[in-house]
Amino acid sequence: MSKKRAAIGHENIVACIWDFDKTLIPGYMQEVLFKEYGINLKKFWQEVNALPEAYARHGISVSADSIAINHMLTYVKAGLLHGLTNEKLFKIGSEIKFFDGLPEFLGKIKDFVNGDERNQKYKITLEHYIVSNGLAEVIRGSSIAPYVDGIYACEFIENPLPPNFLDDQVEYESGGEIQQIGRFIDNTQKTRCIFEINKGCNKDPGISINSAIDCVDRRIAMPNMIYIADGPSDVPAFTVIRHGGGYAYAVYNENSDAEFEQNDNMLADRRIDAYGPANYRDDSQTVRWIKMKLTQICNRIAHGMDDPVKSAIGTPPVHIHGD
């Protein structure tokens, strides 16, 4: 056991992995899009929720996770989202409003880790990733994009390549309305994204998600990860992170008693390590917890580099006489 822990301790990259909707922003990113087109968001979600049963009556089984993205494409085809392109989604991203303290907090917490003298000695660095069921282009166009090292979310294709495109040497051309789903991220796909970050597939295209890589050789060790999200849809990701030795933190809207209770239930069920308000100001509980865990992770990494044997031994509690 100690040999394995010491080896993992030599990984010097730390990652905060973020959900987006209701984690970094108060609601859903589609709200901005639908408001611009004059579409009733509540009605849209009522339709989405009714679609699986409506299709089931005709013997058609659909995924409850992907049907919302497909219904968006139906809105485009019907003209209700006329002219919706990837460029348009990117521009809409600039209108996204974040929770208090964001997006600046992501830069501050990077400086907190990367600027530390000891961390610089051991080349310990922090990276941010967003893993979301939402729309990648909206996130890329938002003010938080410059602070993150990677975005995993749903992608659209505007001009699908036609049959025989290889024979006719047809190249893909961007522009025009979105027509197909290029990449879809659902609740279980989020776990795949975590393993891509873990193995380093996002940095080296030559590494396959199915490649057999020992824990000590993976780019970002699971114990060096913190996953921050808002609720039940992230339970698979919470589980993967915690089983791998990382940390899971849930956030809730401070104005919602239901979300508070939901997070408390997840803590009781041991699905998360802690929870707090989606408030990213310097003095918030959430910021203090994230800083604490990042410090603990960095301490472990540094101790592992100093003395691999001692890194396997926990620190005993002591009497605390003051700050």
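Read the figures in this text as sums done on the coordinates, not as results from a lab. Since the structure is predicted, the reported quantities are computational estimates derived from the model, not experimental observations. Neighbour counts are summed over all protein chains in view; Cβ atoms, including those assigned to glycine, are modelled from backbone coordinates with ideal geometry.
Under the rule of at least 5 residues apart or a separate chain, name every residue whose amide H is placed under 5 Å from the amide H of Leu80.
none
Amide H to amide H, which residues 5 or more places from Gly182 or on other chains are under 5 Å from it, using H placed in the peptide plane?
Those qualifying (amide H under 5 Å, at least 5 residues apart or on another chain) are Glu155, Phe156, Ile157.
In which sequence would Leu51, Leu80 go, from the one with the fewest C-beta neighbours within 10 Å to the one with the most? Numbers along the way, then the final one.
Details: Leu51 18, Leu80 15.
Ascending number of Cβ neighbours within 10 Å: Leu80, Leu51.
Based on a Kirkwood Rh over C-alpha pairs, give the Stokes-Einstein translational diffusion coefficient of segment 76-232 at 37 °C and viscosity 0.692 mPa s in µm²/s. Don't skip to the answer; put the middle values down first.
Values: Rh = 18.2 Å.
Translational diffusion coefficient: 180 µm²/s.
Using only the Cα atoms of the chain, build the gyration tensor, take square roots of its eigenvalues as a ≥ b ≥ c, and label the shape rounded, prolate or oblate: rounded if a/c is under 1.5, else prolate if a/b is larger than b/c, else oblate. Let's see the in-between values first.
Values: a/c = 2.00, a/b = 1.59, b/c = 1.26.
Here the chain falls in the prolate category.
Per-residue HN-Hα couplings for segment 177-182, Karplus 6.51 cos²θ - 1.76 cosθ + 1.60 at θ = phi - 60°, whole Hz, x for Gly and Pro?
5, 5, 10, 9, 7, x
Can you list which of the trypsin sites (Lys or Arg not before Pro) found in segment 74-120 are DSSP loop residues with at most 13 other C-beta atoms within 10 Å? Please list the in-between numbers first.
Working: sites: Lys77, Lys88, Lys91, Lys97, Lys108, Lys110, Arg118; in loops: Lys97.
When the trypsin sites (Lys or Arg not before Pro) of segment 74-120 are filtered for loop state and at most 13 Cβ neighbours within 10 Å, Lys97 remain.
With the cut-off at 29 Å, tell me which of the pairs Lys43/Lys199; Lys91/Lys291; Lys35/Lys108; Lys42/Lys97; Lys97/Lys199 have Cα atoms farther apart than that. Display every interim value, and only then the final one.
Working: Lys43/Lys199 41 Å; Lys91/Lys291 33 Å; Lys35/Lys108 32 Å; Lys42/Lys97 19 Å; Lys97/Lys199 32 Å.
Going by Cα-Cα distance, Lys43/Lys199; Lys91/Lys291; Lys35/Lys108; Lys97/Lys199 fall outside the 29 Å limit.
Where does the chain land at 222 nm, in deg cm²/dmol rounded to the nearest 500, when only DSSP H runs of n ≥ 4 count, each adding -39500 (n - 2.57), divided by all residues? All intermediate terms of the calculation are to be shown ahead of the outcome.
Working: 12 runs with 126 residues, N = 323.
Here the helix-only value at 222 nm equals -11500 deg cm²/dmol.
Multiplying the sequence separation of Ser61 and Ala258 by 0.36 nm and subtracting their Cα-Cα distance, what value in nm do you get? Write out the running numbers ahead of the final one.
Values: separation 197, 0.36 × 197 = 70.92 nm, distance 3.13 nm.
Contour length minus the Cα-Cα distance gives 67.8 nm.
Please sort 159-170, 271-282 by packing, taking for each peptide the average over its residues of neighbouring beta carbons within 10 angstrom, highest first.
Working: 159-170: 9.9, 271-282: 19.2.
Ranked by mean Cβ neighbours within 10 Å, highest first: 271-282, 159-170.
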